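Reviewing the structure listed below.
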Amino acid sequence: MAAGPIPSESGVFLPAGEWKVANLSERLATLCLPGLVDVHTHLRVPGGEHKEDFATGTAAALAGGFTQILAMPNTWPPLATREVLLATRAVASQTVRCDVGLYAGASPQHVDELPALASHAAALKIYLNDTFGPLRVEDLPTLHACFRLWPRDKMIALHAEGQSVAVGIGLAAAYRRPVHFCHISSRDEIELIAAAKAAGLPVTCEVTPHHLFLTDADAARLGPLGDMRPRLATQADQDALWAHLASTVDVIATDHAPHTLAEKATKNPPPGVAGLETSLPLMLTAVQQGRLSLERLVELMALTPRRIFGLPAQPDTFVEVDPEARYTLANDRLLTRCGWTPFAGQVVQGLVRRVTLRGQVVYDVDRPEALAPPGAGRVIPQG
């Protein structure tokens, strides 16, 4: 066997002489994948460090096989001004363990600052529906300003639910520029995205593992631990997401949104669940079950998100997985600060054993001391 991983024609990285991409039923010692990319995480900096911070969130990312992630701007204060964005980048540069990019947040109060934010942010996030903090955009003048002022070579990502998806598609058509739709969760939404793509509009979309594996029936069972935005939908909605996974869907993103168990136990629990450490095992289990191919998983979780967001390549970076390992997801094995997952108790197949970033081992399930130290990662874009 070759000493290191080699690329296959599909872009999947696997040890030479040991593999067949289309057949995971064979006994494989190690499966090597490219470093995964998550374009939708909430790392809670600034203002929510008791839930998560850059060091704990990126530790969870590495444990989940992610070497490059983007953090959302609905923090407190939000990443909507140059002062806050630069201060947060400075904290990130000292504390991230993998590569992290920050979204700039569109704000009606600070829309004129967008050109000054662009060189320091990986993308722009516009919230058309309710979110934490003051970032919801409801007026057309602000929306038009965002699409005029944000550089065309950087992505605009939308939090859009229900009819707001149609608004986002209209903006993509009017300005003829790429728009990415976050956490699409219903049949009506995914069919609208499919129609927009069929019409040649430059739109992309993501779905989350929690919407692929949980429904409103699970929400009733989980209580506050199953509360998120968008809310868990019906079985018919979930079936539609799976039906479009081979075509319409461009990205699987975790929407990692940690809250403490104490917060979830309050009278008004905040919505959101952790996802960085459970997403790959859940999707690898789906591969084993024949619900999607390994090549398609790699496209959805590595190649396509990097391409559509224009993120930098990471040479000599790969994730080593034991595809035969079956185990039960457990809260006490998580590195995220919140320390829980709605998937606790679920049996999965596919264990992240080791992660290498730019030639350096940054995570090893058997050697906790191998975890990359805070500051080992890079902030995107560099500058």
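Values as computed for the structure displayed
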{"quantity": "Protection-proxy order for peptides 279-286, 98-105, 109-116, each taking the mean of Cβ atoms within 10 Å per residue, highest first", "calculated": "98-105, 279-286, 109-116"}
{"quantity": "Helix-only [θ]222 nm of the chain, DSSP H runs n ≥ 4, -39500 (n - 2.57) each, per residue, nearest 500", "calculated": "-7500 deg cm²/dmol"}
{"quantity": "Packing-based exposure ordering (other Cβ within 10 Å, fewest first) of SER186, SER164", "calculated": "SER164, SER186"}
{"quantity": "Burial order of peptide ranges 290-302, 120-132 (average beta-carbon count within 10 Å, highest first)", "calculated": "120-132, 290-302"}
{"quantity": "Fraction in percent of alpha-carbon pairs per bin - 10 Å, the range 246-310", "calculated": "19, 38, 25, 16, 1"}
{"quantity": "Value in Å of the Kirkwood radius, where the range 35-380 supplies the Cα pairs that are averaged", "calculated": "20.0"}
{"quantity": "Burial ordering of LYS264, LYS51, fewest other beta-carbon atoms within 10 Å first", "calculated": "LYS264, LYS51"}
{"quantity": "Dipole moment magnitude, nearest 20 debye, the chain about Cα centre, only Lys, Arg, Asp, Glu C-beta charged", "calculated": "440"}
{"quantity": "Beta bridge orientation in the range 35-380: antiparallel %, DSSP, nearest 5", "calculated": "30"}
{"quantity": "Semi-axis lengths (Å, descending) of the ellipsoid that matches the C-alpha gyration tensor of the range 42-88", "calculated": "21, 11, 8"}
{"quantity": "Residues ASP139, ASP250, ASP255 arranged by fewest to most Cβ contacts within 10 Å", "calculated": "ASP139, ASP250, ASP255"}
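Since every read-out is calculated from the coordinates, none of them should be taken as a lab result. What you are looking at is a predicted structure, and each value in this text was computed from that prediction instead of being measured. Every residue, glycine among them, receives a Cβ derived from its backbone with ideal geometry; neighbour counts consider all protein chains shown.
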